[in-house]
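Q: Handing you a structure now.
The values are calculated or read from the model by the stated rules, or taken from the named source; none is laboratory data. Predicted model only: the values in this text are computed from it and were never measured. Don't worry about glycine lacking a Cβ; one is built from the backbone with ideal geometry, like all the others, and counts go over all protein chains shown. Just the protein is used for accessible areas: all its heavy atoms, side chains included, with ligands, DNA and RNA removed. Shrake-Rupley method; radii C 1.70, N 1.55, O 1.52, S 1.80 Å.
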Amino acid sequence: ILLTRGAALEGTAILAREKTDVLERHLGRELLARAQALLFDPGISIVEAAQTAIEAGDVRAMHDPTEGGIASGLWELARAGGRGLRVRRDAIPVLPETDAVCRVFGLDPLRLIASGALLVAAEPDEAATIARALDARGIPAADVGEIRPGEEGIRIEVSGRWVPLEPADRDEIARVLER
């Protein structure tokens with residue numbers, strides 16, 4: 001499983017724009033401005049990433065994780081195919097801006113709206129080729145895990161332990177915007 005760009009790009013940008021007063025006190029103007037800009041740079045469109053992946057190799061499945069973040073997107077991808085997953089938490093890219101915003105509000109970046117990222121499932125050799133093609137287009141892609149038989153379940157490795165990966169009950173952004 002490849003993940004382009006990283007976790008919670010849209011969620012980071014929305015919170016940076018909607019909660020400027022709170023975040024500026026904690027993050028400073030420069031970091032806040034970078035967080036706000038994620039909406040446009042790299043942006044939330046996955047069209048170029050999807051086209052590049054399809055042109056580069058044999059893509060088995062793709063998913064544009066939005067509400068519920070990367071965690072829900074991974075879970076939905078596996079469930080749709082009746083498969084299991086093994087995902088490495090430490091392999092999932094989280095930008096410094098996202099990490100900072102999530103720390104201020106006590107949010108899990110894997111459960112925050114993730115438009116702008118793309119999950120791509122492919123055989124290992126194909127995934128490497130696809131990752132290189134994405135990189136050549138300036139679209140970072142990380143190998144975050146692998147498809148497994150359905151009976152193995154959907155699991156994520158956190159601090160050396162494999163635990164069930166569940167979808168978000170509700171997107172983390174709601175916790176902040178409803179305050």
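Q: Report the net charge of residues surrounding Arg17, where surrounding means a beta-carbon distance below 15 angstrom and charges are Lys +1, Arg +1, Asp -1, Glu -1.
A: Computed value for this residue: -3.
Q: Convex hull volume of the Cα atoms in the range 48-162, per residue, in Å³?
A: In the range 48-162, the Cα hull volume divided by residue count equals 106 Å³.
Q: Same structure again: With a 1.4 Å probe and all protein chains in place, put Phe105, Phe40 in order of accessible area, largest first.
A: I get Phe40, Phe105, largest accessible area first.
Q: If you restrict to DSSP beta bridges whose two residues both lie in the chain, what percentage is antiparallel, to the nearest 5?
A: 75 percent
Q: Ignoring everything except DSSP H segments at least 4 long, calculate the 222 nm mean residue ellipticity for the chain; use -39,500 (n - 2.57) per segment, divide by total residues, nearest 500.
A: -12500 deg cm²/dmol
Q: For the pair Val22 and Glu76, how long in nm is the line joining their label points, each one 7 Å along Cα→Cβ?
A: Reported label-point gap for Val22 and Glu76 is 2.5 nm.
Q: Next up: What percentage of the solvent-accessible surface of the chain, computed with a 1.4 Å probe over protein heavy atoms, is contributed by carbon and sulfur atoms?
A: About 47 percent, which is the carbon plus sulfur part of the accessible surface.
Q: Note down the accessible area of Leu15, probe 1.4 Å, to the nearest 10 Å².
A: Approximately 0 Å² for this residue.
Q: Sort the following peptides by mean Cβ neighbour count (other Cβ atoms within 10 Å, averaged over residues), highest first: 78-84, 96-102.
A: 96-102, 78-84
Q: For Ile46, what is the net charge nearby, where nearby means another residue's Cβ is under 12 Å from its Cβ and Lys, Arg count +1, Asp, Glu -1?
A: It works out to a net charge of -2.
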